[in-house]
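Colleague: Can you read through this structure? Questions will come right after.
The values are calculated or read from the model by the stated rules, or taken from the named source; none is laboratory data. These numbers were taken from a predicted model, which means no experiment stands behind them. Note: ideal-geometry Cβ built from the backbone for every residue, glycine included; neighbour counts use all protein chains shown. These accessible areas exclude ligands, DNA and RNA; they are computed on the full protein's heavy atoms, side chains included. Shrake-Rupley method; radii C 1.70, N 1.55, O 1.52, S 1.80 Å.
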Amino acid sequence: MKKIEQETGSIYMGENCWQILDGFISEKHYSNIFILTDTNTHTHCLPHFLKKVTNINSPIILEMKNGEENKNIDTCAKLWKDLSDKKADRKSLLINIGGGVVTDLGGFVACTFRRGIDFINVPTTLLAMVDASVGGKNGIDLGSLKNQIGIIQSPVCVIVDSQFLKTLPIEEINSGAAEMYKHGLIASEVYWNTLKDFNASSTENIDDLIWESILIKNKVVTEDPSEKGLRKTLNFGHTLGHAIESFCIENSNRKRLLHGEAIVIGMILAVFISSKNNGFDKNNAAEITKTFLEKYTKVSFERPEIEEIINLLIYDKKNSHGKINFVLLNSIGNCAIDCHVENNLIFEAFDYYKNF
Ligand SMILES: NC(=O)c1ccc[n+]([C@@H]2O[C@H](COP(=O)([O-])OP(=O)(O)OC[C@H]3O[C@@H](n4cnc5c(N)ncnc54)[C@H](O)[C@@H]3O)[C@@H](O)[C@H]2O)c1
Ligand SMILES: [Zn+2]
């Protein structure tokens, strides 16, 4: 079994992780146990969970509708009411079974119900396994503004079982894999090189790859819990990636991109900008771009659209005092944070992406 044991938010992966969960539950003597799923994880993931865990007697199942559009205060209000109606008290446990939407929202509901009850995350998407479940950020959206309301608190533990990925659509696997590539580029050339052969259509033998990502993210967030420096490196590819994601949501004629699909474009642009601004090796930039374009479809942007995307950058949550801060690469596995980038170079980067 793979494990990271720490004061809060211990993470377990592999066959025996379910025994750990069983042991944990019997030790804690919870007054009652609630399980939160979304529409899809209720069907695809809850049966596997209930088969694996033997120590939960008559859990109370709560369900939310799937999708980012439901990661809001209305869903929380309904769940707080459900918890209250079903006699949850301060010694109750909430187990979140789902992707990042369920773990983010369920964590927030647990942290706020009666000033906080224990919660456990069981991530069922690749993105939630390698990213959303690590680092203790819980929260919800405010209208179209993502993750505006929230709280930082780790779950009592995280249980990672890649068996859940068997029913996850391939686009969602690819979207989560983007964050794994990001972890390689910002922290480990060896990991990046291993990932180049990753094939999203087969998730057999994926545990080691997932675990490496979890280790990288966990190391970054434990070394810089308050986001003063190192944690900002997790934003690599996200400055332009978020703007592209928002642009596609706001323009109904555009195909909506999954988060990871937008981040891949952001990473290609950032790699080019790194080669111009930070002396990042041009051959490496080309090799990274080629790797991504073999796995993710190219998206085209016209000049006025790029202007709109650049205008959206000022809304990026990582900006401060009106300055746009980029994370760039000095080399694979070595980042520079708070880099200032001129708009001209952003246009050049879009040209590079278009003509590659
Ligand atoms: N807290 C953090 O640090 C952090 C980090 C990254 C992302 N996030 C958040 O995570 C969210 C995105 O998470 P996501 O990509 O997991 O999306 P998601 O939770 O919306 O899941 C994607 C889709 O897959 C379905 N699904 C989940 N597991 C399944 C399975 N095993 N089989 C079949 N279908 C399944 C879901 O119902 C959903 O329709 C965003 O809200 C983002 O803000 C949080
Ligand atoms: Zn991301």
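Colleague: Going by the conditions given, is residue 75 within 25 Å of residue 172 (Cα to Cα), within 16 Å of ligand 2 (Cβ to nearest atom), assigned to a helix (DSSP H, G or I) and among the polar types (S, T, N, Q)? First the steps, then the outcome.
Modeller: Values: within 25 Å of residue 172 (Cα to Cα): yes; within 16 Å of ligand 2 (Cβ to nearest atom): no; assigned to a helix (DSSP H, G or I): yes; among the polar types (S, T, N, Q): yes.
So residue 75 does not fit the description; no.
Colleague: While we're on this one: If you take the residues of the stretch 336-348 that are within 22 Å of residue 183 (Cβ to Cβ) and either free of Cβ contacts under 8 Å to residues at least 60 places away in the same chain or hydrophobic (A, V, I, L, M, F, W, C) (or both), which of them is surrounded by the fewest Cβ atoms within 10 Å (Cβ to Cβ)?
Modeller: Step by step, filter the stretch 336-348, then rank; the result is 336.
Colleague: So which strands (runs of 3 or more DSSP E) are wholly in the stretch 91-190 and hold at least 3 residues that are open to solvent by less than 10 Å² (accessible area, probe 1.4 Å)?
Modeller: On the way: elements: 93-98, 118-123, 137-142, 145-152, 157-160.
Output list reads 93-98, 118-123, 157-160.
Colleague: Please identify the pairs in which a residue from the stretch 17-36 that is among the aromatic types (Phe, Trp, Tyr) has its Cβ atom under 7 Å from the Cβ atom of a residue that is open to solvent by 40 Å² or more (accessible area, probe 1.4 Å), counting only partners at least 6 apart or on another chain.
Modeller: Hits for this filter: 18/52; 30/91; 34/60.
Colleague: So which residues in the stretch 191-207 are more than 16 Å from ligand 1 (Cβ to nearest atom) and either closer than 19 Å to residue 160 by Cβ or assigned to a helix (DSSP H, G or I) (or both), if there are any at all? Reasoning before the result, please.
Modeller: At the first step, the residues of the stretch 191-207 found to be more than 16 Å from ligand 1 (Cβ to nearest atom) are 191-199, 205.
Residues satisfying the conditions are 191, 192, 193, 194, 195, 198, 205.
Colleague: Tell me the residue from 216, 210, 244 that is within 16 Å of ligand 1 (Cβ to nearest atom), free of Cβ contacts under 8 Å to residues at least 40 places away in the same chain and of a type in the set (A, V, I, L, M), please. Break it down into steps so the answer makes sense when it comes.
Modeller: On the way: 210 fails: free of Cβ contacts under 8 Å to residues at least 40 places away in the same chain; 244 fails: free of Cβ contacts under 8 Å to residues at least 40 places away in the same chain.
Every option except 216 fails the conditions.
Colleague: Among the residues of the stretch 25-47, which ones are in a helix (DSSP H, G or I) and crowded, with 19+ Cβ neighbours inside 10 Å?
Modeller: Taking the stretch 25-47 as the starting set, the residues that turn out to be in a helix (DSSP H, G or I) are 25-28, 39-44, 46-47.
25, 40, 41, 42, 46 - these are the residues of the stretch 25-47 that are in a helix (DSSP H, G or I) and crowded, with 19+ Cβ neighbours inside 10 Å.
Colleague: For the stretch 222-247, give me each residue that is aliphatic (A, V, I, L, M) and within 15 Å of ligand 2 (Cβ to nearest atom). Reasoning before the result, please.
Modeller: Going through the stretch 222-247, the residues aliphatic (A, V, I, L, M) turn out to be 230, 234, 240, 243-244.
Of everything in the stretch 222-247, those that are aliphatic (A, V, I, L, M) and within 15 Å of ligand 2 (Cβ to nearest atom) turn out to be 234, 240, 243, 244.
Conditions tested, residue by residue: (1) hydroxyl-bearing (Ser, Thr, Tyr); (2) buried (at least 20 other Cβ atoms within 10 Å of the Cβ); (3) at pLDDT 95 or above.
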position: 218; (1), (2), (3): no, no, yes
position: 225; (1), (2), (3): no, no, no
position: 233; (1), (2), (3): yes, yes, yes
position: 238; (1), (2), (3): no, yes, yes
position: 250; (1), (2), (3): no, no, no
position: 254; (1), (2), (3): no, no, no
position: 264; (1), (2), (3): no, yes, yes
position: 267; (1), (2), (3): no, yes, yes
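Colleague: If a residue has to be open to solvent by 80 Å² or more (accessible area, probe 1.4 Å) and either closer than 16 Å to residue 61 by Cα or modelled with pLDDT under 95 (or both) to count, how many in the stretch 71-84 make the cut?
Modeller: As a first pass, look at the stretch 71-84 and keep what is open to solvent by 80 Å² or more (accessible area, probe 1.4 Å): 73-74, 78, 81.
Checking the rest, the ones that are also either closer than 16 Å to residue 61 by Cα or modelled with pLDDT under 95 (or both) come to 78, 81.
The qualifying residues number 2.
Colleague: Ok, one more. Restricting attention to the stretch 120-161, and to residues there that are more than 10 Å from ligand 1 (Cβ to nearest atom) and of a type in the set (Gly, Ala, Ser), which single residue is modelled with the lowest pLDDT?
Modeller: Only one residue fits best here, namely 144.
Colleague: Does residue 314 satisfy the criteria of being within 24 Å of the chain's Cα centre (by Cα), more than 18 Å from residue 181 (Cβ to Cβ) and at pLDDT 95 or above?
Modeller: No: the conditions fail for residue 314.
Colleague: Residue 229 - would you say it is buried (at least 21 other Cβ atoms within 10 Å of the Cβ) and in contact (Cβ under 8 Å) with a residue 60 or more places away in the chain?
Modeller: Here the answer is no, as residue 229 does not meet what is asked.
Colleague: Looking only at residues in the stretch 317-335 that are at pLDDT 90 or above and either open to solvent by less than 20 Å² (accessible area, probe 1.4 Å) or β-branched (Val, Ile, Thr) (or both), which one is farthest from residue 195 (Cα to Cα)? So that I can check it myself, show each step before the final result.
Modeller: First, the residues of the stretch 317-335 that are at pLDDT 90 or above: 326-335.
Next, only the ones that are either open to solvent by less than 20 Å² (accessible area, probe 1.4 Å) or β-branched (Val, Ile, Thr) (or both) stay: 326-329, 332.
Numbers: 326: 24, 327: 21, 328: 20, 329: 18, 332: 13 Å.
Among those residues, the one meeting the criterion is 326.
Colleague: Oh, and also: Which number in (1) in contact with a strand residue (DSSP E or B) (Cβ under 7 Å, 6 or more places away or on another chain); (2) over 20 Å from residue 134 (Cα atoms) marks the one condition that residue 198 misses?
Modeller: Among (1) in contact with a strand residue (DSSP E or B) (Cβ under 7 Å, 6 or more places away or on another chain); (2) over 20 Å from residue 134 (Cα atoms), the lone unmet condition for residue 198 is (1).
Colleague: For the subset of the stretch 251-276 comprising residues that are without any contact (Cβ under 8 Å) to a residue 40 or more places away in the chain and either within 15 Å of ligand 1 (Cβ to nearest atom) or in a helix (DSSP H, G or I) (or both), which member is nearest to residue 177 (Cα to Cα)?
Modeller: Applying the filter and picking the extreme gives 262.
Colleague: Would you call residue 33 at pLDDT below 95, on the phi < 0 side of the Ramachandran plot and more than 15 Å from ligand 1 (Cβ to nearest atom)? Outline the logic, then answer.
Modeller: Working: at pLDDT below 95: no; on the phi < 0 side of the Ramachandran plot: yes; more than 15 Å from ligand 1 (Cβ to nearest atom): yes.
Here the answer is no, as residue 33 does not meet what is asked.
Colleague: A follow-up question, please. Of all residues in the stretch 277-288, which are part of a loop (DSSP other than H, G, I, E, B) and either open to solvent by 10 Å² or more (accessible area, probe 1.4 Å) or in contact with a Gly (Cβ under 7 Å, 6 or more places away or on another chain) (or both)?
Modeller: Going through the stretch 277-288, the residues part of a loop (DSSP other than H, G, I, E, B) turn out to be 278-281.
The answer is 278, 279, 281.
Colleague: Could you pull out the residue among 239, 233, 291, 297 that is touching a helix residue (DSSP H, G or I) at 6+ places or on another chain (Cβ under 9 Å), assigned to a helix (DSSP H, G or I) and either among the aliphatic types (A, V, I, L, M) or more than 16 Å from ligand 1 (Cβ to nearest atom) (or both)? It would help to see each step written out before you state the result.
Modeller: On the way: 239 fails: either among the aliphatic types (A, V, I, L, M) or more than 16 Å from ligand 1 (Cβ to nearest atom) (or both); 233 fails: either among the aliphatic types (A, V, I, L, M) or more than 16 Å from ligand 1 (Cβ to nearest atom) (or both); 297 fails: assigned to a helix (DSSP H, G or I).
Of 239, 233, 291, 297, the one residue that is touching a helix residue (DSSP H, G or I) at 6+ places or on another chain (Cβ under 9 Å), assigned to a helix (DSSP H, G or I) and either among the aliphatic types (A, V, I, L, M) or more than 16 Å from ligand 1 (Cβ to nearest atom) (or both) is 291.
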